[in-house]
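Each value in this text was obtained by applying a stated rule to the coordinates, not by laboratory testing. If you're wondering where the values come from, they're calculated on a predicted model, not measured in any experiment. Here Cβ is always computed from backbone atoms with ideal geometry, including for glycine, and neighbour counts include all displayed protein chains.
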Amino acid sequence: MAELEALLFDVDGTLADTERDGHRVAFNSAFAEAGLDWNWTPELYGRLLEVTGGKERIRHFLSTELPDFRFPGDADTEIANLHERKTHYFTQMLAEGAIPLRPGVERLLREARNMGLRLAVATTTTPANVEALLTHTIGPEAMDWFEVIAAGDVVPNKKPAPDIYVYAMEHLNLAPEACLAFEDSENGVHAVRDAGLRSLIITTNGYTEDHNFNGATVVLDQLGEPGSPCRVLAGDVVPNGGYIDVDIVRLIHAVAWGAE
Ligand code: XBP
Ligand code: MG
């Protein structure tokens, strides 16, 4: 029997809908500040999201959209500087309360803590972004809710590589059988699967609703709240009250590991 002990959360698109009106806007602010006329429209950004990691995404943009562009100085240094300013703008947006947590996220986190489940973050984004999101939505105490915040460059290979999930489980000292992951994207599904996790709850968003979620235990449009039900888009587990609570998470985990 795979006893559930920990919940591992992706951040962007899962804890909060951060990409279209958050990260994308912050990238454009950093580009404008640097005097670059690059404008990542929502459509272009949706395509660039195929590559995880902000610095990697800038490199991907240059190689695919501006192959003849050359920085005056060392490209890696210039990209790192641009990304640092982008993180400044993104964390500033979070501090201004621009991006709330998605429905049901804070409720489930609090319930999971009260029921003794351990919590971790496994994300491609920069650690400063995780701290800014949690402290400006829940409060500074939220940083202590997560035993592990595995984020960004702490691993050599970002999602869809499994590294960040392997890192999180190693630091929790838990095997995949004891962990359930929450994700929003195809890159996330691959990372979770290749890290050996079998129980995976997907909550889709505007950029990922058409992704291939084969391998996820259930696919939902959101975690739901009492009175504001989620929609089950794939998977056989139907939340009783129309929203995801710890009881249904435990059932999803049991189903994923083949036990009723
Ligand atoms: C999403 C990402 C990140 C963010 C931008 O991470 O791929 O790169 O888009 O953040 P996840 P940075 O879904 O794993 O949370 O610019 O800090 O990378
Ligand atoms: Mg994500």
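What are the extents of the Cα atoms of the chain along their three principal axes, in Å, largest first?
For the chain, the Cα spread along each principal axis is 61, 34, 32 Å.
To one decimal place, what orientation-averaged projected area in nm² is obtained for the convex hull of the Cα set of region 32-158?
Over every viewing direction, the Cα hull of region 32-158 projects on average to 9.2 nm².
Can you compute the modelled spin-label distance between Asp68 and Asp21, with each label point 7 Å from Cα toward Cβ, in nm?
3.8 nm
Of the DSSP beta bridges with both residues in the chain, give the percent that are antiparallel, rounding to the nearest 5. Please list the in-between numbers first.
Values: 4 of 25 bridges.
So the antiparallel bridges in the chain amount to around 15 percent.
With θ taken as phi - 60° and the coefficients 6.51, -1.76 and 1.60, list the Karplus ³J(HN,Hα) couplings across region 217-232 in order, rounded to whole Hz; mark glycine and proline as x.
Going residue by residue, I get 6, 9, 10, 10, 7, 5, 7, x, 9, x, x, 9, x, 7, 9, 8 Hz, with x marking Gly and Pro.
Using the Karplus curve 6.51 cos²θ - 1.76 cosθ + 1.60 with θ = phi - 60°, what ³J(HN,Hα) values do you get for each residue of region 198-203, in whole Hz, with x for Gly and Pro?
Coupling constants for region 198-203: 10, 9, 9, 9, 9, 10 Hz.
Residue by residue through region 78-94, what is 3J(HN,Hα) from phi via Karplus (6.51 cos²θ - 1.76 cosθ + 1.60, θ = phi - 60°)? Round to whole Hz and write x for glycine and proline.
With coefficients 6.51, -1.76 and 1.60, one gets 5, 5, 5, 5, 4, 5, 5, 5, 4, 5, 4, 5, 5, 5, 5, 4, 5 Hz.
What is the angle, in °, between the Cα long axis of helix 54-65 and the longest principal axis of the Cα atoms in the chain? Nearest 10 is fine, range 0 to 90.
60 degrees
List the residues whose amide H sits under 5 Å from the amide H of Val121, counting only those 5 or more places along or on another chain, with H placed 1.01 Å from N in the peptide plane.
Phe9, Val148, Ile149, Ala150
So, counting K/R as plus one and D/E as minus one, what does the shell of residues with Cβ under 10 Å around Pro226 add up to?
Numbers: positive: Arg107; negative: Glu225, Asp245.
My count for the surroundings of Pro226 gives -1.
Looking at region 1-76, what % of the alpha carbon pairs are farther apart than 16 Å?
58 percent
Rounded to the nearest 500, what is the chain's calculated 222 nm mean residue ellipticity when only DSSP H runs of at least 4 contribute -39500 (n - 2.57) each, over all residues? Could the numbers behind the result be given before it?
Details: 9 runs with 101 residues, N = 260.
Per the formula, -12000 deg cm²/dmol.
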